[in-house]
Amino acid sequence: MQKLLIKGKRKLSGKISISGSKNATLPILAASILAEQVKLSNVPLVKDIFTMTDLLKFIGLKVKVEKKKNLIELTNYKKKINTLAPYKLVKTMRAGVLVLGSILTKYKKAKVSLPGGCAIGTRPVDLHLFALKKLGAKIKIKDGYILADAKKGLKGTKIRFPSISVGATENAILAAFNAKGETILSNCAIEPEIQDLITFLNKLGGKIKIFGRKIIIKRQRFLRKNINHRIIFDRIEAGTYLVAGILAGGKIKINDVKPRILKCEIDILKKMGAKIKIGKSSIEVKKNKVLKKLNISTKPYPGFPTDLQAQLMVLMTQAEGLSKIKENIFENRFMHVPELKRMGAKIEIKNKTAFIFGPTKLTGAEVMATDLRASVSLVLAGLVAENRTILNRIYHLDRGYESLENKLKNCKAKIKRY
Ligand code: UD1
């Protein structure tokens, strides 16, 4: 199994081009089932995307990937497809369950494996099913599969989510796309990736509008035959490299971003004392001699994202005083903490809150991670630690970070896969 070797304490400097968002591409790929011909650009070539395209091929779509151009073309001219999403293709990536809404609304039935839990929490799909039932689907759970049926088609209605979920909002939008009449979703997630999905569906011919946390979907009848869509930038990747620059810059400039989407992250980094220069589509940061402590909580967008919690925690190990992070989204998302402690961090956890005492000197160690964002936090720690850090189980990183080593190497980091 491959590992990453990082030699720490190198001053980083250079430019990093931010890739397209994995979490936007996945629901848009699921939405492509609704279309005839789609061309997606700025697609990040990471493992989760290939898991999704394998699932779409299994279902019956034609998929052509042009790796050099980060392009994916999809075609679905079929009246009949395989309405099954099997366990082997959903178990490694929860977003597989997003095909449920598209298949059900277009083909009136679907059989999709339950994704099961994962390292960061139990992660049920009850809110996805709640929305589909409200739209008129009959749902049964049998042998680990969701069996969904809507013989007469789905019907628009008013749905208020009892709590905010990114995936459930996406599945509901996809299902409502073909539902009769009008659907009004409230208490929705409104992450930029969901907004990108809506832009895509509107290009396809949809009539979808967002008002605060309310999303209104009117059935469309005429679909465009050919659509092109450029995937939005990955705000989590952008945030990760901003933290890297503040930890270990010289100067790091990230390009191909929309700074207004990163407002919450930029505000938090500034509160910690970071010096940030904002351009039209770029952000530049450099290492700060002194970083200030801060208390934050993870929240749905536009709040601070849970997907950047582990990375910010590494920054807090270098801040003066006691910082606190409350994790409100997932119940088990502090798995990186024992590994950071092995590198010298002083962190305590009480219930949902991590208490980070800083500044601490980090030293390299052999570490391993249990999920995508935890893995990258250990890479960040390795960049500022003394000596060498060896990161195991890097398949987690490969699920979501495109060309991580090359992007860091271009900024003078000593990092090697072996
Ligand atoms: C998406 C992101 C993930 C991010 C998360 C929160 C993708 C592919 N993944 O995951 O990177 O960390 O949003 O920003 O976009 N919940 C329920 N019942 C449900 C669904 C969710 O109780 O039916 C709970 C979850 O357990 C969790 C919370 O709601 O505690 C939020 O999860 P959700 O927003 O659905 O996350 P995902 O869509 O799975």
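The values are calculated or read from the model by the stated rules, or taken from the named source; none is laboratory data. Just so we're clear, the structure is a prediction, and the values are computed from it rather than from any experiment. Heads up, the Cβs are rebuilt from the backbone with ideal geometry, glycines too, and the neighbour counts pull from every protein chain shown. Please note that ligands, DNA and RNA were not included when accessible areas were found on the heavy atoms of the full protein model with its side chains. Shrake-Rupley method; radii C 1.70, N 1.55, O 1.52, S 1.80 Å.
For region 153-172, filtered to residues that are without any contact (Cβ under 8 Å) to a residue 40 or more places away in the chain and open to solvent by 50 Å² or more (accessible area, probe 1.4 Å), the residue that is nearest to the ligand (Cβ to nearest atom) is 163. Scanning region 330-349 for residues that are open to solvent by 70 Å² or more (accessible area, probe 1.4 Å) and under 22 Å from residue 191 (Cβ atoms) yields one hit, 331. In region 380-407, the qualifying residues are those that are under 22 Å from residue 25 (Cβ atoms), assigned to a helix (DSSP H, G or I) and open to solvent by less than 20 Å² (accessible area, probe 1.4 Å), and the one that is modelled with the highest pLDDT is 404. Can you confirm whether region 41-50 contains a residue that is more than 16 Å from the ligand (Cβ to nearest atom) and in a helix (DSSP H, G or I)? No, region 41-50 has no match at all.
Taking region 63-152 as the region of interest, the strands (runs of 3 or more DSSP E) fully inside it that hold 1 or more residues being touching a Gly at 6+ places or on another chain (Cβ under 7 Å) and not acidic (Asp, Glu) are 109-113.
This table checks each residue for (1) under 30 Å from residue 312 (Cα atoms); (2) in contact (Cβ under 8 Å) with a residue 24 or more places away in the chain; (3) open to solvent by 20 Å² or more (accessible area, probe 1.4 Å).
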| site | (1), (2), (3) |
| --- | --- |
| 149 | no, yes, yes |
| 188 | yes, yes, no |
| 202 | no, no, yes |
| 216 | no, yes, yes |
| 225 | no, yes, yes |
| 236 | yes, yes, no |
| 240 | yes, yes, no |
| 259 | yes, yes, no |
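When 195, 220 are checked against the criterion of being more than 30 Å from residue 238 (Cα to Cα) and outside the structural domain of residue 262 (by TED's automatic domain parsing), 220 stands alone in meeting it. Residue check: residue 268 meets all listed conditions (1) touching a residue at least 12 places away in the same chain (Cβ under 8 Å); (2) touching a strand residue (DSSP E or B) at 6+ places or on another chain (Cβ under 7 Å); (3) open to solvent by 70 Å² or more (accessible area, probe 1.4 Å) but one, namely (3).
Within region 343-370, the set of residues being of a type in the set (Lys, Arg) and assigned to a loop (DSSP other than H, G, I, E, B) comprises 352, 361.
Among the residues of region 381-393, none qualifies, meaning not one is without any contact (Cβ under 8 Å) to a residue 60 or more places away in the chain and either outside the structural domain of residue 52 (by TED's automatic domain parsing) or within 28 Å of residue 164 (Cα to Cα) (or both). Return yes when residue 209 is over 23 Å from residue 76 (Cα atoms), crowded, with 19+ Cβ neighbours inside 10 Å and not hydrophobic (A, V, I, L, M, F, W, C) and no when it is not. When the stated conditions are applied, residue 209 does not pass them. None of 33, 28, 72, 16 is of a type in the set (Val, Ile, Thr), under 21 Å from the mean Cα position of the chain (by Cα) and closer than 30 Å to residue 249 by Cα except 16. Listed by position, the strands (runs of 3 or more DSSP E) contained in region 215-303 that have at least 2 residues being away from the ligand (no atom under 16 Å from the Cβ) and not acidic (Asp, Glu) are 226-230, 249-255, 275-278, 282-286. Yes or no: residue 376 outside any helix (DSSP H, G or I), assigned by TED's automatic domain parsing to the domain that holds residue 252, β-branched (Val, Ile, Thr) and under 24 Å from the mean Cα position of the chain (by Cα)? Judged against the criteria, residue 376 is not a match. For region 78-87, the criterion of being within 16 Å of the ligand (Cβ to nearest atom) and at negative phi is satisfied by at least one residue. Quick one: how many residues across region 120-141 are away from the ligand (no atom under 16 Å from the Cβ) and at pLDDT below 95? Selection size over region 120-141: 0.
For residue 247, the conditions (1) assigned by TED's automatic domain parsing to the domain that holds residue 270; (2) touching a Lys or Arg at 6+ places or on another chain (Cβ under 6 Å) all hold with the exception of (2).
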